[in-house]
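> Supplied in structure tokens, the structure appears directly below.
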Ligand SMILES: O=C(CO)[C@H](O)[C@H](O)COP(=O)(O)O
């Protein structure tokens, strides 16, 4: 089974597997959304089944909630949890200061609320997500459906005034219809090329009427765990400066990897 999986899947798996070790009995844990976060949920489900790990998970999307329940994780809402020990999530891009672009999977609003309500945010990613400057990945912005073309025009006007490199944006679609988030909103993807000042852009975007939230996560992520296709894992904590390098043995983990690979993909 593992032979059928791509190096990217392996990289996502090893990052997720390492992050799953951070979860301890009694914790309240934010569960991210996306293919890397789905590996994490499967790894945690494995620990629940095999070790009797007892923790409660707060999913950041209906997709993650479904998968978490399916693998045997106790799911609670953020209203019940109020505050979390840790949130573990994927990212579309991260830079050297651990600023992120998120929302490629359309769950940025719940992801940002949950991550912000956590003592620690851990990002799990394959090495391709590491960038010098954010912005090659289109920046998702969640907007309310009412008057979205006006909101889009206001955003583009703002981008011109801020002298941002790329200025055009596209409404995310599912087939012929606009994509609808878990909160009933739409997503505009901003094709910027390079974001000079993520903090400033995030603040300005969120002041535009109709914008609910944007996919820039500034000063939210504490730890990044990067996985590589050959099993290497690199963990860096921005607060302590701590760096850890290790390698996950695929032979040892082959069965688990194969079993987990059988779970429905995100
Ligand atoms: O922000 C996200 C979902 O809204 C995801 O974390 C991001 O898109 C990364 O996804 P993947 O792990 O599939 O590469």
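Read-outs throughout are calculated quantities, based only on the coordinates presented, and are distinct from any laboratory measurement. Just so it is clear, the structure is predicted and the values come from calculations on it, not from any experiment. Using ideal geometry, Cβ is built from the backbone for each residue, glycine included, and neighbour counts are taken over all protein chains shown.
> Beta carbons within 10 angstrom, averaged per residue: use that to sort the peptides 132-143, 18-29, 237-248, highest first.
132-143, 18-29, 237-248
> Is the stretch 43-175 best put as rounded, prolate or oblate by its Cα gyration tensor, with a ≥ b ≥ c the root eigenvalues, rounded for a/c under 1.5, and otherwise prolate when a/b is larger than b/c, oblate when not?
Prolate.
> Tell me, what is the percent relative contact order of the stretch 139-213, built from C-alpha pairs under 8 Å that lie six or more residues apart?
It comes to 46 percent, rounded to a whole number.
> Test of understanding: ordering 169, 202 by Cβ neighbours within 10 Å, fewest first, what list do you get?
Result, fewest neighbours first: 202, 169.
> Sticking with this structure for a sec: Please give the calculated 222 nm ellipticity per residue for the chain, where each DSSP H segment of at least 4 residues contributes -39500 (n - 2.57) and the sum is spread over every residue; nearest 500 deg cm²/dmol?
After summing the helix terms and dividing by residue count, I get -10000 deg cm²/dmol.
> Under a 10 Å cutoff between Cα atoms, tell me which one of 81, 68, 11 has the largest fluctuation in the Gaussian network model of the chain.
Result for the chain, Cα springs under 10 Å: 81 fluctuates most.
> Now, a different point. In whole Å, what are the extents of the chain along the principal axes defined by its C-alpha atoms, from largest to smallest?
The Cα atoms of the chain stretch 54, 37, 35 Å along the principal axes, largest first.
> Expressed as an acute angle from 0 to 90° and rounded to the nearest 10, what is the orientation of the C-alpha long axis of helix 148-161 relative to the principal long axis of the chain?
80 degrees
> Over the chain, what is the mean sequence separation of C-alpha contacts under 8 Å (at least six apart), divided by residue count, expressed as relative contact order in percent?
Once normalised by length, the contact order is 23 percent.
> As a footprinting exposure proxy, order 155, 113 by other Cβ within 10 Å, with the fewest listed first.
Fewest to most other Cβ atoms nearby, the residues stand as 113, 155.
> Now for a different question. Relative contact order for the stretch 55-128: what is it in percent, counting Cα pairs under 8 Å that are at least 6 residues apart?
This gives 33 percent for the stretch 55-128.
> Related question: So, in Å, what gap is there between the alpha-carbon centers of the stretch 88-111 and the stretch 120-169?
Cα centres, the stretch 88-111 to the stretch 120-169: 11 Å.
> Given 0.36 nm per residue, what is the gain on full extension from residue 132 to residue 232 after removing their alpha carbon distance, in nm?
33.9 nm
> To continue, here is another question. Rounded, prolate or oblate: which one fits the stretch 85-157, using the alpha carbon gyration tensor with axes a ≥ b ≥ c (rounded when a/c is under 1.5, else prolate when a/b beats b/c, else oblate)?
Oblate shape, in that a/c is at least 1.5 and b/c is the bigger or equal ratio.
> Also, quick follow-up: If you fit an axis through the alpha-carbon atoms of helix 250-261 and take the longest principal axis of the Cα set of the chain, what angle between them do you get, 0 to 90°, nearest 10?
Orientation of helix 250-261: about 60 degrees from the principal axis.
> Return 213, 46 ranked ascending by Cβ neighbour count within 10 Å, so the fewest neighbours appear first.
Ascending Cβ contact count within 10 Å gives the list 46, 213.
> Would you mind checking the tilt of helix 7-20 against the longest principal axis of the Cα atoms of the chain, expressed as 0 to 90 degrees and rounded to 10?
70 degrees
> Just the number: Rg to Rh for the stretch 139-213, Cα atoms, Kirkwood Rh, two decimals.
0.95
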